[in-house]
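Notes to accompany the following structure.
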């Protein structure tokens, strides 16, 4: 009888390497589909944008949005992005900074306050490793984005009206 075990292992290995990798867009589409179930009913009325590497939602101003995005290094970032003008971002960021203890209590130490680029401000976290595009990871990312919305969205109207 021929030795089939080494051949079947080779076939299994070949099948694993030729199986198509799930696209970032498919991963983000799953997040878009699942997100409403992770949000309080009050926060389910939002606008959204889905591109190849990011999914954004906002309530009033698209430059003040919650986002899941694949970064160039393959990591996944989840959180709030303030991408209006630098002075507006600073004003909103300062108002949210005053609520930092509550935000950190709700989101944990993974949520980092930061700034980058063109005067942009964020409260976000980065994920790396594992199967970043797996269905389970998309469900976790949708849940986590929902936690960011639930913790921060109620603070945004006052933060956006804050005096600079």
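The values are calculated or read from the model by the stated rules, or taken from the named source; none is laboratory data. The model shown is predicted, which means the values in this text are computed figures rather than measured ones. Counting neighbours? That spans all protein chains shown, and the Cβs are built from the backbone with ideal geometry, glycine included.
Tabulated data for the structure shown
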| read-out | value |
| --- | --- |
| Filtered residue count, segment 13-50, keeping only those that are exposed (fewer than 10 other Cβ atoms within 10 Å of the Cβ) and modelled with pLDDT under 75 | 6 |
| Top-ranked residue in segment 101-149 [being in a loop (DSSP other than H, G, I, E, B) and in contact with a strand residue (DSSP E or B) (Cβ under 6 Å, 6 or more places away or on another chain); ranked as modelled with the lowest pLDDT] | 132 |
| Residues being assigned to a strand (DSSP E or B), over 20 Å from residue 138 (Cα atoms) and without any contact (Cβ under 8 Å) to a residue 40 or more places away in the chain - total across segment 56-90 | 0 |
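Table: residues versus (1) without any contact (Cβ under 8 Å) to a residue 40 or more places away in the chain; (2) over 18 Å from residue 64 (Cα atoms); (3) buried (at least 20 other Cβ atoms within 10 Å of the Cβ); (4) in contact with a helix residue (DSSP H, G or I) (Cβ under 7 Å, 6 or more places away or on another chain).
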{"site": "124", "(1), (2), (3), (4)": "no, no, yes, no"}
{"site": "136", "(1), (2), (3), (4)": "yes, yes, no, no"}
{"site": "142", "(1), (2), (3), (4)": "no, yes, yes, yes"}
{"site": "147", "(1), (2), (3), (4)": "no, no, no, yes"}
{"site": "156", "(1), (2), (3), (4)": "no, no, yes, no"}
